[in-house]
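The values are calculated or read from the model by the stated rules, or taken from the named source; none is laboratory data. No experiment lies behind these values; they were computed from the predicted model shown. Positions of Cβ are backbone-derived with ideal geometry, glycine not excepted, and every protein chain shown enters the neighbour counts.
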Amino acid sequence: MAWSTGPAVSLLLLRGTRCVVLMLRLPGVYRPQADTWLLSKAVREAGLRPGAQVLDLCTGTGAVAFAAARAGAGAITAVDTARRAVLAAWLNTRLRRLPVRVRRADVRHLPQLPRFDLVVANPPYVPGDPARGPTRRAERAWDAGPDGRRFVDRLCAAAPELLAEGGALLLVHSSLCGEQATLDRLRAERLKASVVARRVEPFGPVLRGRVGYLERAGLIEPGQCHEELVVIRADRLPLPPEHERG
Ligand SMILES: C[S@@+](CC[C@H](N)C(=O)[O-])C[C@H]1O[C@@H](n2cnc3c(N)ncnc32)[C@H](O)[C@@H]1O
């Protein structure tokens, strides 16, 4: 749940933690909202071992990294491509002395990273009409190509290289861009994948502005005005003993 108190600051009540947290949100940085909270809740329920190594991809304000820190993570790497998001996440986590390192990087071309116990991601996933032309700066936090899968597919492909043995990915997106497609992609990468959380949300202003395209593209039914957010969990299972010997 979030109350926006102007363009620069959001007052965030982190659900389930019984704490109110003031987070800085610079202009243009994604305002934490239903998908942020659904993913944060999944992080709290993931059974993180104390000291776990966590990677937060597309961190925005750092709200999900914050949830991971509160859940007991030992070290968190938070990544975003937007300079203002990197600055906001750095300030929000540094002010609280959380064990978060913020890096500016593009999730489609990630630098060499170690493996993590938990990888969390709330990537851009809103489908957009390609006829609209290039994505404007403000839309980069959610625009994800004609089918909404530009980032989700990259993350599914990258997951096996990012996860330690026994590690898990928690990925949130809208069912509009294909829950089954994500499950299939992750299973094709030999990960054990399932939906661990769902939440129906009415269309916000961005989707309301795209209803015509979404209907023409067959991504929603005529008259549809809600989406379902899903958190998908994918586990990298421990290797069987014969692989360990080899
Ligand atoms: C939907 S927002 C999620 C923000 C935050 N994790 C949350 O849950 O509130 C997506 C974020 O992805 C970032 N982003 C967009 N394209 C990216 C890219 N190519 N690489 C890394 N981050 C990107 C945006 O700047 C934005 O902060």
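Some points to look at:
- A search for C-beta distances below 7 Å between a residue of the stretch 82-102 that is polar (S, T, N, Q) and any residue that is surrounded by fewer than 18 Cβ atoms within 10 Å (Cβ to Cβ), counting only pairs 6+ apart in sequence or on different chains, returns Asn92/Leu24.
- Taking first residues from the stretch 160-172 that are over 14 Å from Leu239 (Cα atoms) and partners that are polar (S, T, N, Q), the Cβ contacts under 6 Å between residues at least 6 apart in sequence or on separate chains come to Val172/Asn122.
- For Ala138, the conditions (1) surrounded by fewer than 18 Cβ atoms within 10 Å (Cβ to Cβ); (2) modelled with pLDDT of 95 or more; (3) aliphatic (A, V, I, L, M) are fulfilled apart from (2).
- Of the residues examined, Ser175 is not one that is of a type outside the set (Lys, Arg), more than 18 Å from Gln33 (Cα to Cα) and free of Cβ contacts under 8 Å to residues at least 60 places away in the same chain.
- Of all residues assigned to the stretch 76-83, at least one qualifies as being over 19 Å from Leu155 (Cα atoms) and at pLDDT 95 or above.
- Scanning the stretch 86-108 for residues that are exposed (fewer than 15 other Cβ atoms within 10 Å of the Cβ) and within 11 Å of the ligand (Cβ to nearest atom) yields Arg104, Asp106, Arg108.
- Every pair of residues 6+ apart whose Cβ atoms lie under 6 Å, when the first sits in the stretch 103-125 and is within 24 Å of Gly51 (Cα to Cα) while the second is within 8 Å of the ligand (Cβ to nearest atom) and not in a strand (DSSP E or B): Pro111/Ala105; Val120/Val64; Ala121/Cys58; Asn122/Asp35; Asn122/Leu39; Asn122/Cys58
- Checked against (1) more than 19 Å from Val230 (Cβ to Cβ); (2) touching a Ser or Thr at 6+ places or on another chain (Cβ under 7 Å); (3) modelled with pLDDT of 60 or more, Pro32 passes all but a single condition, namely (1).
- Scope the stretch 203-227; condition within 19 Å of the chain's Cα centre (by Cα) and not aliphatic (A, V, I, L, M); matching residues: Phe203, Gly204, Glu227
- Residue within the stretch 75-84 that is farther than 20 Å from Val196 by Cα, assigned to a helix (DSSP H, G or I), of a type outside the set (Asp, Glu) and over 13 Å from the mean Cα position of the chain (by Cα) present: yes
- Here Cys156 does not qualify as within 14 Å of the ligand (Cβ to nearest atom), closer than 26 Å to Ala105 by Cα and either free of Cβ contacts under 8 Å to residues at least 60 places away in the same chain or in contact with a Ser or Thr (Cβ under 7 Å, 6 or more places away or on another chain) (or both).
- Scanning the stretch 27-57 for residues that are more than 8 Å from the ligand (Cβ to nearest atom) and either in a loop (DSSP other than H, G, I, E, B) or farther than 30 Å from Ala138 by Cα (or both) returns Pro27, Gly28, Glu45, Ala46, Gly47, Leu48, Arg49, Pro50, Gly51, Ala52, Gln53.
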